Amino acid sequence: MEYAIKVTNLCKAYQDFALDNVSLAVPKGCIMGFIGENGAGKSTTIKAMLNLVHRDAGTVEILGMDLNSHEKKIKERIGVVFDECCFHDNLTPADISKILGKIYQNWDGKLYQKYLTQFGLGEKKKIKEFSRGMKMKLGIAAALAHKPDVLILDEATSGLDPIVREEILDIFLDFIQDENHAILISSHITSDLDKIADYLTFIHHGKIVFSVSRDELMDSMGIVKCGTEDLAGIGKDQVIRYRTNQFGCEVLIRDKKSFASRYPGMVMDPVTTESIMLFYSRGEEL
Amino acid sequence: MNGLLYKDLLNLSSTTKYLVLVMLFFCVIFVPQGNELPVYILLIIFGAMLPMTVNTYDTTVRWDKYAASLPVTRKEIVWTRYQLMLIGMSVAGIISLIIATMMTVLLPGEGVFLSVLDPLTLTVMFLACGLLVGSVILPLTLKFGNEVTRYIIIMIALVPVVVILGLTFLLLPSGLTFPILPLSMIAGALTAVAVIGVVVSYRLSVRIYMKKEF
């Protein structure tokens, strides 16, 4: 399998937080959702992948090139959107095109204009007059207009209404039609990832908990609702995490097929990205 | 022109209008009185402070984080700041030279410095001072940010005043005076110091910026 992004054993230590041997690989033609609670290390990982912070250890390969030795080449071929608009308030989208046109070799002014029209952004309107959603859309238009092969998005859909989010998700799906393209998207809006992600990587307290295909997760994991007294009867090897509530408890099951054959009387619900995230973040181990 | 510099100039375009108005006001008030000094000082401060003004804009929107994700090296980002300073100082120098030349033609013998200096030497001296000020400001801004740099500049500005006053008080009782050097020598020495200052400052700024995390 050819990878568009390959991060291996990335480490970065701060006084009160550390990324601990973070590894992930995004295959070409795929969208990877990067999930985790606030402060889990998603943004720090993305920053380390872009050399915005200095890594203590580990390697980053993007499009087959090492980040340290081919940083400029890589950045010509990736589009990045952060969780905030980094364009100056007094500028207009037309100014942004002139600026980035002088920075990116492949900048396509017409494609940028097409995105502006599609997003309903006035070319001559000052950015200070834009809403947060409009600013995010501008960032996405700017990230796509130099025809990148890889998109790295850090909470890029936050602050957008569901209609615009859907519109943008369609653009991401359209982008991924080219099998040489890939997207790494960190998001709190797990329903978006349920719609578009092929792979999911979950980070918790600076460590990768899993990085697997979303279908594999959905096919294998399940949720069982039972009484707390039933929990003791479930094999430890079957339980990933459990959560108790006033009605009993919910259990995240590792292999739902094997579980169903061993405990045919128990009802199994399907998992969602959000439920998996909640079990890992707030649930307990048996 | 590179995109980063173009972005800075676009951002400064609205500020520049106000700077021109302030400068015209100073010209109208001081030049007819034969006192061109405030105009030169103002021009040089504007020129030297341009990168600091740009830094304020960039910090507000966290542009540096975005710039680090673009296909530009950190060295290029720093070099753009120095280019901006050099452009600012060049514009300040050209305007100073025009004002000084006009004063020597229209008000011959007038002027704080023009009575003893020709316009070109005067401009070179002021430019050298401006470049030195800018060279001090830039690495400080990159290291500590604008807020802290402002206070540091005030402290640095006070040093020469204190030294000169201190020396004067020390020399006066002993009957000694400051050695008077030829003005051309002072201009040459200042220019040499300014060039060295810019080079050292640039290298220092690159080292500071390389270590930055966004």
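Here are a few things to note about the model shown:
- The stretch B:1-49 and the stretch A:190-227: distance between their alpha carbon centers, rounded to Å: 58
- Inter-chain Cβ neighbour count for B:8-20, averaged per residue, equals 2 (cutoff 10 Å, partner chain atoms only).
- Rg of the Cα atoms in the stretch B:64-155, relative to 2.2 N^0.38 Å, amounts to 1.45.
- Assuming charge only on the beta carbon of Lys and Arg (+1) and of Asp and Glu (-1), the dipole of the stretch A:221-282 about its Cα centre is about 140 debye to the nearest 20.
- Under the simplified labelling scheme, the A:ASN68-B:MET102 pair shows an inter-label distance of 5.8 nm, with each label point 7 Å from Cα along Cα→Cβ.
- Cβ-defined net charge surrounding B:SER96, 14 Å radius [Lys, Arg +1; Asp, Glu -1]: -2
- A Förster distance of 56 Å, applied to the separation of the beta-carbon atoms of A:SER131 and B:VAL28, puts the FRET efficiency at 0.80.
- Scattering curve values for chain A, log₁₀ I(q)/I(0), Debye with Cα scatterers, q = 0.16, 0.17 Å⁻¹: -1.23, -1.34
- In this structure, the residue pairs whose Cα-Cα separation is over 22 Å, taken from A:LYS12/A:LYS73; A:LYS6/A:LYS110; A:LYS75/A:LYS137; A:LYS47/A:LYS110; A:LYS12/B:LYS211, are A:LYS12/A:LYS73; A:LYS6/A:LYS110; A:LYS47/A:LYS110.
- In nm, spacing of pseudo-spin labels at B:VAL116 and B:LEU167 (7 Å Cα→C-beta vector): 1.4
- Alpha carbon convex hull of the stretch A:79-196, volume per residue in cubic angstrom: 92
- Expected 222 nm ellipticity per residue - DSSP helices of 4 or more, -39500 (n - 2.57), all of chain A, to 500: -9500 deg cm²/dmol
- Inter-label distance, nm, simple model (7 Å from Cα along the C-beta direction), B:PHE214/A:SER261: 5.3
- Three principal axis lengths of the protein assembly as shown [C-alpha, angstrom, descending]: 107, 55, 42
- Options B:TYR209, B:LEU117, B:VAL39, ranked by Cα towards positive dipole end of the stretch B:3-211, top entry (Cβ charges): B:TYR209
- Cα pair count fraction exceeding 14 Å, expressed as % - the stretch A:46-135: 71
- P(r) histogram, all alpha-carbon pairs of the stretch A:218-277 included - 10 Å bins from 0, percent: 24, 61, 15
- Annotation: amide H-H contacts under 5 Å for A:SER23 (H modelled 1.01 Å from N, sequence separation of 5 or more, or interchain): A:ASN9, A:LEU10, A:ILE208.
- Around the Cα centre of chain B, unit charges on the Cβ atoms of Lys, Arg, Asp and Glu (plus for the first two, minus for the last two) sum to a dipole of about 840 debye.
- Bridge type composition, the stretch A:96-215 - antiparallel percent by DSSP, nearest 5: 55
- Highest to lowest packing among B:104-111, B:193-200, B:86-93, scored as the average C-beta count within 10 Å: B:86-93, B:193-200, B:104-111
- Ordering A:MET49, A:GLY101, A:MET134 by Cα displacement along the dipole of the stretch A:3-213 toward the positive end leaves A:GLY101 in first place; charges were set at the Cβ atoms of Lys, Arg (+1) and Asp, Glu (-1).
- If you run the Gaussian network model on chain B, springs between alpha carbon atoms under 10 Å, then out of B:LEU142, B:LEU131, B:LEU50 the most flexible one is B:LEU142.
- DSSP bridge pairs, the protein assembly as shown: antiparallel proportion in percent, nearest 5: 65
- Chain A: relative contact order in percent, alpha carbon pairs under 8 Å with at least 6 residues between: 21
- Taking every DSSP beta bridge that has both ends in chain A, the antiparallel portion is near 65%.
- Sorted into 10 angstrom bins from 0, the C-alpha pair distances of the stretch B:3-211 split as 8, 29, 33, 21, 8, 1, 0 percent.
- GNM top mover of A:ASP16, A:ASP237, A:ASP170 - chain A, alpha-carbon springs below 10 Å: A:ASP16
Any read-out appearing in this document is the output of simple, stated calculations on the displayed coordinates, not a laboratory observation. These numbers were taken from a predicted model, which means no experiment stands behind them. Cβ: placed from backbone, ideal geometry, glycine included. Neighbour counts: every protein chain shown.
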